[in-house]
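To keep things clear, I will list the structure first and then write my remarks on it.
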Ligand SMILES: *Cc1c(COP(=O)(O)O)cnc(C)c1O
């Protein structure tokens, strides 16, 4: 395992005092983590340094050819003060898979976990205290060759930044409106859909903006080949309860394998709900809406945990789901996952790790 050199800041910043006003991704802690990689030496010079700007060559690979991947996880403060992570090894492994897809170097799981924990421990006072608030952790990696030549990456940087974020649901859980996108696609099988890379987001922006202009909060993506099968919603995976069965799209290669998705499936199975991971066509969903068998729909991801869907638009039709209210299964998943993450209920799955 790599040794980590620590250089502490001599000018600590003032921490936010009002936790009810924390937003997302605007405030950063005093330190950041960095590890360099090149094809001769491999991973080296793991270090935690004062948070600050990067200096980079204008020809750096990531700025031209999109060789960038990232992760997102949170540190939660329990009522007893202990700070814990939720399934961080899942993020470490997914980053290895993303790196493999984009021909970036693979950081060993133990180095990922060690540097994330070391950084969170050093900036532990930045982890907010109220339920729903957390420290958002953003590991990322980019190609850093100083040439415009197109080839596999010979220089890369792994970095971790983090900052306190507010509760996603300040005014209670409000079901959102989602537009089913039938023009743009996010990813295709064989492409980078299963990798957490910046490029997937760049490809998503146009449809996202169109949906927002029409008053919807995110788009529901269809598959990139036939525009027929449901994939995921914005930056979340998606689940539907149809006629008593929870259905979620199978991981076919164009869908991001979410940690929250995986955790929801395990919680549901343990609670005795039938869960099906399979292809779900938009026609089947439309039929369920017409026939009234669509009981609940929700998105799931680290940021919101679960986000109930109250309204679905497809072509010129709109459907209201569960009277626009959060359903009992969605609520159960929210209560169980947030209960485990913030240490309010016993973690029977062994998903949490104190830092
Ligand atoms: C990160 C992400 C998700 C959710 O993954 P979690 O591990 O649950 O946070 C879903 N879809 C996309 C496109 C994502 O980038």
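Values in this text are rule-based calculations from the coordinates and carry no lab data. Note that the coordinates shown come from a computational prediction; the quantities given were computed from them, not determined experimentally. With ideal geometry, Cβ positions are generated from the backbone for all residues, glycine too; neighbour counts draw on all protein chains shown.
Compute log10 of I(q)/I(0) for the chain with the Debye formula, placing one identical point scatterer on every Cα and leaving out solvent, at q = 0.07, 0.11, 0.13 Å⁻¹, to two decimals. For the chain, the Cα-only Debye profile gives -0.31, -0.78, -1.08.
With one equal scatterer per alpha carbon and no solvent term, the Debye-computed log10 I(q)/I(0) for the stretch 111-220 at 0.12, 0.17, 0.23 1/Å reads -0.72, -1.12, -1.18. Helical content of the chain, expressed as a calculated mean residue ellipticity at 222 nm, amounts to -7500 deg cm²/dmol (DSSP H runs of 4 or more residues, -39,500 (n - 2.57) each, divided by residue number, nearest 500).
Against the chain, whose longest principal axis is taken from its Cα atoms, helix 328-341 shows a tilt of about 20°.
Fewest neighbouring Cβ atoms within 10 Å first, the residues 236, 332, 289 line up as 332, 289, 236.
Send over the semi-axes of the stretch 276-355's equivalent ellipsoid, whole angstrom and largest first, taken as the square roots of 5 times the C-alpha gyration tensor eigenvalues.
Details: eigenvalues 190, 34, 24 Å².
Calculated on Cα positions only, the semi-axes equal 31, 13, 11 Å.
Its residues counted as N, the stretch 221-355 yields a C-alpha radius of gyration over 2.2 N^0.38 Å of 1.05.
Where does the stretch 1-143 land on Rg(C-alpha)/(2.2 N^0.38 Å)? Can you show the working numbers first?
On the way: Rg = 16.0 Å, N = 143, 2.2 N^0.38 = 14.5 Å.
After normalising by residue count via 2.2 N^0.38 Å, the value is 1.10.
Per residue, the convex hull spanned by the Cα atoms of the stretch 34-90 amounts to 158 cubic angstrom. Using the Cα coordinates of the stretch 156-208, the gyration tensor eigenvalues translate into equivalent-ellipsoid semi-axes of 25, 23, 9 Å, sorted from longest to shortest. The relative contact order of the stretch 203-316, computed from alpha carbon pairs under 8 Å that lie at least 6 residues apart in sequence, is 25 percent. Whole-percent P(r), the stretch 184-278, all Cα pairs, 5 Å bins from 0: 3, 13, 23, 23, 18, 13, 7, 2, 0.
Here the stretch 102-145 is described by how far its Cα atoms reach on the three principal axes: 41, 18, 16 Å, from widest to narrowest.
Got a sec? How would 116, 150 order by Cβ neighbour count within 10 Å, fewest to most?
Numbers: 116 23, 150 8.
Neighbour counts put them in this order, fewest first: 150, 116.
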